[in-house]
């Protein structure tokens, strides 16, 4: 075979091998969600690609068979055609046996380098850049090739499935998308500048609803503004004027004897009509609403579901002894999701100081604390036994903390700065500098 024809045939084999590599990597790297969007828009090739991704055995078997055939054929043709040409170049310098050896080595190196560069590295890197677009271009010819090599595919695919079964591995890819997958994608999008950092934080907060308990965002018992059934009209008006809220808990004798709750709009409407707002008088039953009672170990996702079921946005949280520990509203849950997007500046629980330390509220959710200092929440000591920074300090110290008490975790020092009774108000968090 003439050298020009040989080189043209080798070039054709390299192109074929490159297209096979392109088809292999683009199909493996193509995002299923993106292909589903294209399929829903009416792209038939995307539907075919999704079917192949669901059952990729035949597709990749064909690629492996074809690539090996092309590589072997390229080696045979290149060695027979190019080795004599290179050997002839050295016959005038070295002995014929040495020239033949040099010709073979140069021919082998040249053919191998061409295949590695143009049929492997370049096509695969190209496929990784925009796999969805490329897979739409190659899926149709690859489907024809699969049909052409169906007998060989049946044999080799069957053998491969037997080997996978012996190793206890699944024959098909698991397409289930987990929360970790989504969070990893959002983090990558944020780093690439495609997703705002605030948007990434909102998505992370949504997934935290499944793990954070109601205690982490509730209004605690000592901060609840409530009314008693025996309060006079003047007492109710005075308390509402001093502490305006949208909802008021109503109790009998003490906070643990819950009767119901009042909505501020109902009270204002009664006032505008010059009616009495006394809770013992006529019409008091029309003001009282039945309150939702939830246990203190519910997650935020569970209490949100209860809000949806009973069409309420206010609930009282009780512990196992039926004592009121706090209240929670739909706005509390939504504020947790939105984070700093809706939190006023004066209510920030974590404040970064000029010296690089953090001043944190004792009620700051422990997940936000770990995120602020760039630590893994899963590595927290006694993970799951507390929800707030105050609970973390109690667990670490094994007692009720006092002012100046401190604990060390994840290369940071947590020092109690302010205590109100037994309540931890503020904690200073500083990075520990290790001197060498």
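Return the residues of region 117-136 that are touching a residue at least 40 places away in the same chain (Cβ under 8 Å) and within 23 Å of residue 32 (Cβ to Cβ); say none if nothing qualifies.
Taking region 117-136 and keeping what is touching a residue at least 40 places away in the same chain (Cβ under 8 Å), we get 118-120, 122-124, 126-128, 131-132, 134-136.
Once the filter is applied, which keeps residues that are touching a residue at least 40 places away in the same chain (Cβ under 8 Å) and within 23 Å of residue 32 (Cβ to Cβ), region 117-136 yields 123, 124, 126, 127, 128, 131, 132, 134, 135, 136.
Could you list, in sequence order, all residues of region 151-173 that are part of a helix (DSSP H, G or I) and touching a residue at least 24 places away in the same chain (Cβ under 8 Å)?
Going residue by residue through region 151-173, those that are part of a helix (DSSP H, G or I) are 151-166.
Listed by number, the residues that qualify are 152, 153, 156, 157, 160, 161.
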**Request:** Among the residues of region 407-434, write down those that are free of Cβ contacts under 8 Å to residues at least 40 places away in the same chain and more than 29 Å from the chain's Cα centre (by Cα).
**Result:** 407, 415, 416, 418, 419, 420, 421, 422, 432, 433, 434
**Request:** Go through region 305-326 and give me each residue that's surrounded by fewer than 17 Cβ atoms within 10 Å (Cβ to Cβ) and farther than 24 Å from residue 270 by Cβ.
**Result:** 305, 306, 308, 309, 310, 319, 320, 321, 322, 323
**Prompt:** When you scan region 247-297, how many residues do you find that are within 26 Å of residue 215 (Cα to Cα) and not in a strand (DSSP E or B)?
**Reply:** 7
**Asked** Can you spot a residue in region 86-105 that is surrounded by fewer than 16 Cβ atoms within 10 Å (Cβ to Cβ), under 51 Å from the mean Cα position of the chain (by Cα) and either in contact (Cβ under 8 Å) with a residue 12 or more places away in the chain or not assigned by TED's automatic domain parsing to the domain that holds residue 53 (or both)?
**Response** no
**Asked** Quick one: how many residues across region 210-246 are surrounded by 18 or more Cβ atoms within 10 Å (Cβ to Cβ) and part of a loop (DSSP other than H, G, I, E, B)?
**Response** 5
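Per-residue answers, yes or no, for (1) more than 22 Å from residue 15 (Cβ to Cβ); (2) at pLDDT below 75; (3) assigned to a helix (DSSP H, G or I):
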| position | (1), (2), (3) |
| --- | --- |
| 76 | no, yes, yes |
| 79 | no, yes, yes |
| 87 | yes, yes, yes |
| 98 | yes, no, yes |
| 121 | no, no, yes |
| 125 | no, no, yes |
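The values are calculated or read from the model by the stated rules, or taken from the named source; none is laboratory data. If you're wondering where the values come from, they're calculated on a predicted model, not measured in any experiment. Virtual Cβ from ideal backbone geometry, glycine too; neighbours counted across all protein chains shown.
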